[in-house]
Every structure is written in structure tokens, then in C-alpha cells.
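Asker: Here it is: the structure, laid out below.
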Amino acid sequence: MGNLIDSFGRQISYVRLAVTDRCNLRCQYCMPAQGIDIVPRKELLTYKEMYRIIRVLTELGVNKVRLTGGEPFARKDFMQFLEMLSYNDLLDAINITTNGALVSKHIKELERLEKIQTINLSMDSLYSDKFAKITRRDVFPEVYKTFELLEKSRLNLKLNVVVQSGFNTDEIVDFVALTKDKNVAVRFIEEMPFNGKGQRNTDEVWNYTKILNEIQSSYSITQLNTEKSSTSRNFSIEGHKGTVGIIPSFTRTICNDCNRIRVTSTGTFKNCLFDDGVFNLRDFIRNGASNEDLKTLFLSLIKEKPENGFVAEANRKQGNISESMSTIGG
């Protein structure tokens, strides 16, 4: 049947799969304080359904999966699912995005599964009180413990920091300092309006350029060659073990060679973070679709992938963005 190639000639090789919409934190930029209306468990994809979706996608050229949530480790038996997924011989890499609060006890198991290569750890402050204010939960010691254990493990560690005006912009230089002696890629992410409320009103917009200028106010940095389809622009600092990156997720200057698709925890197929979903795979599967049916469907859906996130947002049927990132898949 061939590989997944969109109408702009981009080959899709990477899927982000949300394993749950549930999360143990309540980060301000992700969801309201009271949380979101989580769906009944029967509406979530089962692990067998997830495995099948990934298997079919790998037969169409996808070779990398990132598992997200919500918080993936908040779903029961997630480690068993990782083991199941690692049996897919067409997958080259299984990566995970996590908030780290439930992970420290699983790190040895994660190291044992060879296909698990990179852990993206979300940590938006280095101060316990500020961390609690951002996440609305007092779990900083456990998250920092996970950070230290991951940095010493065989796994590649990326530390994701959502830059939030009025909360943690004064810590940007502190986060960069971590790369001096730690083998970590610190990545600063532009804040996006996926918080369950829409865009937050702020006095300052901390975009790529402003973040870069803040880093350069204290460090002399060298831009690294960017891998094709990378979501970040990356930099090295002489004498530092780690690297620094900036993800222009909201200004969307990284769309031109996008190789990604998304599947939410309820089975919604998304060609772009900013679209409102193009098809429900869960219902298609539960209505008896074969693997060949799924392949035909994916080849058709990928032709609808928009050129960039601005086009995707403009084409939304549901108007302005007001979902939670926990619902979409972080």
C-alpha cells in the first residue's frame, strides 16, 4: 500500500498517542483548577486497540511513537503496555512524555526495554513553592528525584519547561545552568492556549525570540544543526554537558517539514495539534474495521493534513481553541 505521505510530500513517521486523559497534576497552562470532565473508561481506547493502531501505522512507515497523556503513568498497567508495544519489530523508538511524579520506581524497568530511548520530563520550576503554584500539587520532591534518576540512567533525558509569563520567566537562566554538569536537553516551550479556557491574558508574550534573548543575556550559545522534522531549535554552550532548545509551538515556525500525527486517548485521529480532530478510530475499530480498512483510512486521512498549524486552526469547526492539553494528548 505504500507509506503515509501527505499532499505536501511529507512522509509521516511519528505518532503521538495519548494513553489517558487523566492526570495527577492540575497545571495552570493545561487545565482549570477543578480539572476537566474525564471520559468514562469504556470510551478510552483499550491497550489492545492502541497496539493495533500503532501496528497498522508502522506497516505504513511510522517508526517512532511518543506516549503521552494526561499522565501516562496514571493509567493502570501502563508498564505492561510498554512491554507489549516493544514487541512491535517495526518500531525503532518508543518515547514517553511524563510529569515525573509517578515514575521513579519504574526507571529500572524502563531502562530494560531497549526501544524506550527518550523521556521528556515536564518540570516548570526549580522551586518547590512555585512548582506547587503552577501545578496546584505539592509533588516537587518526587519530580526532582525522577529528574536526578533519569539523568543518571541510560535514557536520553529532555526537560520540558513551559515558559509562563508572570510565573517562571525569571528561572530561564537557572534552567540553562543545569546543562553545565548534567547530560540533559533543557527545552523551553512557548505557552499555548490548551488550558481548557483559551488564551491567557498576559502583559508579555514570551515567544521564541524573547526566550532566546533571555538565554543570550547570560550565555554565549552556538546553534546546532537541526534534524529534519525536529520540533525544537537547539543550541550548545561551550563547556556544558547538556544542550538547550526552544520549541516554537505557538508561533509555529516548525510546521514546514512536520512528520507527525496524533491519536487521542478516545481514538480521535488528529493531523495537527491545532485541528479539532478528523476521525474517530475507536468507533471505526469497534464497528468491525479490518487492518486493511485501517490502512486505507490512514492513507486517505493523511491527504487532509494541513500545510501548517495556522491553516489547521482556521479550519476548525468548533471555533476558538478551548480544550485541555490533557484531552488532546500533551
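The values are calculated or read from the model by the stated rules, or taken from the named source; none is laboratory data. Since we're looking at a predicted model, the values are computed, not measured. Note that we place each Cβ from the backbone using ideal geometry, even for glycine, and neighbour counts take in every protein chain shown. The protein model used for the area step is the full one, side chains on, heavy atoms only, and it has no ligands, DNA or RNA in it. Shrake-Rupley method; radii C 1.70, N 1.55, O 1.52, S 1.80 Å.
Asker: Treating only the Cβ atoms of Lys and Arg (+1) and Asp and Glu (-1) as charged, compute the dipole magnitude of the stretch 46-97 about its Cα centre; round to the nearest 20 debye.
Answerer: Dipole size: approximately 140 debye.
Asker: If you don't mind, another one. Positive end of the dipole of the chain, charges at C-beta (+1 Lys, Arg; -1 Asp, Glu), about the Cα centre: which of Pro306, Leu281, Thr97 has its Cα farthest in that direction?
Answerer: Of the listed residues, the answer is Leu281.
Asker: How high is the relative contact order of the chain, given as a whole-number percent (alpha carbon pairs under 8 Å, six or more residues apart)?
Answerer: 23 percent
Asker: OK, next. Give the percent of DSSP beta bridges with both residues in the chain that are antiparallel, rounded to the nearest 5. Working shown, then result.
Answerer: Values: 13 of 46 bridges.
Counting DSSP beta bridges with both partners in the chain, the antiparallel share is about 30 percent.
Asker: Something else now. Evaluate the stretch 198-293: find the radius of gyration of its Cα atoms, find its Kirkwood radius, and give the ratio Rg to Rh.
Answerer: 1.14
Asker: Taking the dipole about the Cα centre of the chain, with the C-beta of Lys and Arg at +1 and of Asp and Glu at -1, give me whichever of Pro248, Cys23, Ser217 is farthest to the positive side.
Answerer: Comparing the listed Cα positions along the dipole, Cys23 ranks first.
Asker: In addition: So if each residue of separation counts as 0.36 nm, and I subtract the Cα-Cα distance between Glu238 and Ser300, what length gain in nm does that give?
Answerer: 17.6 nm
Asker: For the pairs Lys115/Lys228; Lys42/Lys295; Lys76/Lys145; Lys64/Lys158; Lys108/Lys270, flag any whose C-alpha to C-alpha distance is greater than 27 Å.
Answerer: Lys108/Lys270, as the Cα separations exceed 27 Å there.
Asker: Which chymotrypsin sites (Phe, Trp or Tyr not before Pro) from the stretch 1-90 combine a DSSP loop assignment with at most 16 other Cβ atoms within 10 Å?
Answerer: Counting only loop positions with at most 16 other Cβ atoms within 10 Å, the chymotrypsin sites (Phe, Trp or Tyr not before Pro) in the stretch 1-90 are Phe8, Tyr87.
Asker: Please state the equivalent ellipsoid semi-axes for the stretch 61-161: what are the square roots of 5 times the Cα gyration tensor eigenvalues, largest first, in whole Å?
Answerer: 25, 13, 12
Asker: Which percent of the Cα-Cα distances in the chain go past 35 Å? Each step should come with its number before you reach the end.
Answerer: Values: 8957 of 54285 pairs.
Result: 16 percent of Cα pairs exceed 35 Å.
Asker: Skipping prolines and chain starts, which residues have an amide H placed within reach, meaning under 5 Å, of the one on Ile116, given they are 5 or more residues away or on another chain?
Answerer: HN-HN under 5 Å from Ile116: Ile94.
Asker: Give me the one-decimal Kirkwood hydrodynamic radius in Å for the stretch 2-98, with the sum taken over alpha-carbon pairs.
Answerer: Result for the stretch 2-98 stands at 14.7 Å.
Asker: Starting from the stretch 45-125, pick out the GluC sites (Glu not before Pro) whose DSSP state is loop and whose Cβ has at most 11 other Cβ atoms within 10 Å.
Answerer: Glu114
Asker: Sticking with this structure for a sec: For the chain, which whole percent of the accessible surface, found with a 1.4 angstrom probe, sits on carbon and sulfur atoms?
Answerer: 47 percent
Asker: Run the dipole for the stretch 34-167 about the Cα centre, Lys and Arg Cβ at +1, Asp and Glu Cβ at -1, nothing else charged, and hand back the magnitude in debye, nearest 20.
Answerer: In debye, rounded to 20, the stretch 34-167 gives about 120.
Asker: Asn291 to Leu224: FRET efficiency via 1/(1 + (r/R0)^6), r the Cβ-Cβ distance, R0 51 Å, to the nearest 0.05? Before the final figure, lay out each step's value.
Answerer: On the way: r = 40 Å, r/R0 = 0.78.
That gives a FRET efficiency of 0.80.
Asker: Okay, next question. What does the stretch 83-221 give for Rg and for Dmax, in Å, if only its C-alpha atoms count?
Answerer: Over the stretch 83-221's Cα set, Rg and Dmax evaluate to 16.4, 50 Å.
Asker: Report the net charge of residues surrounding Lys133, where surrounding means a beta-carbon distance below 12 angstrom and charges are Lys +1, Arg +1, Asp -1, Glu -1.
Answerer: After counting each charged neighbour, the total is +1.
Asker: Further, regarding this structure: Could you tell me which of Leu157, Pro40, Gly61 has its Cα farthest along the dipole of the chain towards the positive end, charges placed at Cβ (Lys, Arg +1; Asp, Glu -1), taken about the Cα centre?
Answerer: Value: Pro40.
Asker: So which cysteines in the chain don't have a second cysteine's C-beta under 4.7 Å from them?
Answerer: Taking the Cβ cut-off of 4.7 Å, the unpaired cysteines of the chain are Cys23, Cys255, Cys258, Cys272.
Asker: Could I ask something else about it? Per residue, how many Å² of accessible area does the stretch 1-118 show with a 1.4 Å probe?
Answerer: For the stretch 1-118, the solvent-accessible area averages 42 Å² per residue.
Asker: Give me the distance in nm between label points sitting 7 Å out from Cα along the Cα-to-Cβ direction at Val311 and Val173, one decimal.
Answerer: Distance between the two pseudo-spin positions: 4.2 nm.
Asker: Which value, in debye to the nearest 20, describes the size of the charge dipole of the chain about its Cα centre when Lys and Arg Cβ atoms bear +1, Asp and Glu Cβ atoms bear -1, and nothing else is charged?
Answerer: Values: 45 positive and 41 negative charges, 122 e Å.
Roughly 580 debye, rounded to the nearest 20.
Asker: Below 9 angstrom from the Cβ of Asp124, what's the summed charge of the other residues (Lys, Arg +1; Asp, Glu -1)?
Answerer: 0
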